[in-house]
1. So is residue 213 at pLDDT 95 or above, in contact with a strand residue (DSSP E or B) (Cβ under 6 Å, 6 or more places away or on another chain) and in a loop (DSSP other than H, G, I, E, B) or not?
2. Among the residues that make up the range 120-141, is at least one of them surrounded by fewer than 21 Cβ atoms within 10 Å (Cβ to Cβ), more than 16 Å from ligand 2 (Cβ to nearest atom) and in a helix (DSSP H, G or I)?
3. Determine, yes or no, whether residue 224 is within 16 Å of ligand 2 (Cβ to nearest atom), surrounded by 15 or more Cβ atoms within 10 Å (Cβ to Cβ) and either assigned to a strand (DSSP E or B) or modelled with pLDDT of 95 or more (or both).
4. When you look at residue 234, is it surrounded by fewer than 20 Cβ atoms within 10 Å (Cβ to Cβ) and within 16 Å of ligand 2 (Cβ to nearest atom), yes or no?
5. From (1) under 26 Å from residue 174 (Cα atoms); (2) within 16 Å of ligand 1 (Cβ to nearest atom), pick out the condition that doesn't hold for residue 55.
6. Would you confirm whether any residue within the range 258-266 is surrounded by 16 or more Cβ atoms within 10 Å (Cβ to Cβ), touching a residue at least 60 places away in the same chain (Cβ under 8 Å) and more than 16 Å from ligand 2 (Cβ to nearest atom)?
7. Scan the range 57-80 for residues that are within 16 Å of ligand 2 (Cβ to nearest atom) and either without any contact (Cβ under 8 Å) to a residue 60 or more places away in the chain or closer than 23 Å to residue 94 by Cβ (or both) and jot them down.
Ligand code: CP
Ligand code: NVA
């Protein structure tokens, strides 16, 4: 695998291979077995937005694999002062073995891959969050035995998380339902693709979407970069919440996932969050194992 720019670029087989490797690396780490598969390799991590999980999982992941990681804030890089992506990509390709980037425009990630000569990993854009969804699929497999055959319901803003969950869920044989307010739907092309390639629905009706769901998922109402809309969004999204009423219509064994950070009493009640804290924090832990698998696939296999 050369890059991880978005899940749409991966086949079901490639996703499964990443998840299998992630499971193996998790098992081995728990049993004290070290794998320096990326010995001597260096990952640059460019951040134009905040991060806890992505930054720490990639940095610890590189350390676990025998390599090292450099935290590069776009505020400090010349890219933050207007140096073109084309030049940044060509320069960093001379120093590093791979780049993980978190930024706003998907095009910036695609341009890094086009102009650079090293693997590029998307650590979140406004369009998608593939690394998170690989950890999510890993967690669903852990709890449900498989992804295929389960219904994944996402409630909330049709954002970067939703776009990647739809693609990942459908590719792995899940039924996917989305409940969001009118005007806040996921990407139109992704929805059209999902309808053609699997069982997909998008509705304004939360209860309809959540009916018999095996996995309920939500994310913040206002994403990074939308801070000025936060107050207005609180009104628009107030009914798009995972709460006890929603849990009642889902499957009785339904699991709840959240990419975090979470806003209690907004997209999820504190009650539901705490009742499902085990799977939510297993999901957060799985970022480490899934990111290590992505790193090995992109930087380790030539
Ligand atoms: N879920 C996630 O990507 O978390 P961070 O923003 O903390 O990296
Ligand atoms: N949709 C959120 C995801 C954070 C992991 C954001 O972009 O801020």
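1. Yes: the conditions hold for residue 213.
2. There is at least one residue in the range 120-141 that is surrounded by fewer than 21 Cβ atoms within 10 Å (Cβ to Cβ), more than 16 Å from ligand 2 (Cβ to nearest atom) and in a helix (DSSP H, G or I).
3. In short, yes.
4. Considered against the rule, which asks whether it is surrounded by fewer than 20 Cβ atoms within 10 Å (Cβ to Cβ) and within 16 Å of ligand 2 (Cβ to nearest atom), residue 234 comes out as yes.
5. Going through the list (1) under 26 Å from residue 174 (Cα atoms); (2) within 16 Å of ligand 1 (Cβ to nearest atom), residue 55 breaks only (1).
6. no
7. 58, 74 - these are the residues of the range 57-80 that are within 16 Å of ligand 2 (Cβ to nearest atom) and either without any contact (Cβ under 8 Å) to a residue 60 or more places away in the chain or closer than 23 Å to residue 94 by Cβ (or both).
The values are calculated or read from the model by the stated rules, or taken from the named source; none is laboratory data. Fair warning: this is a prediction, and the values are worked out from it, not measured in the lab. Virtual Cβ from ideal backbone geometry, glycine too; neighbours counted across all protein chains shown.
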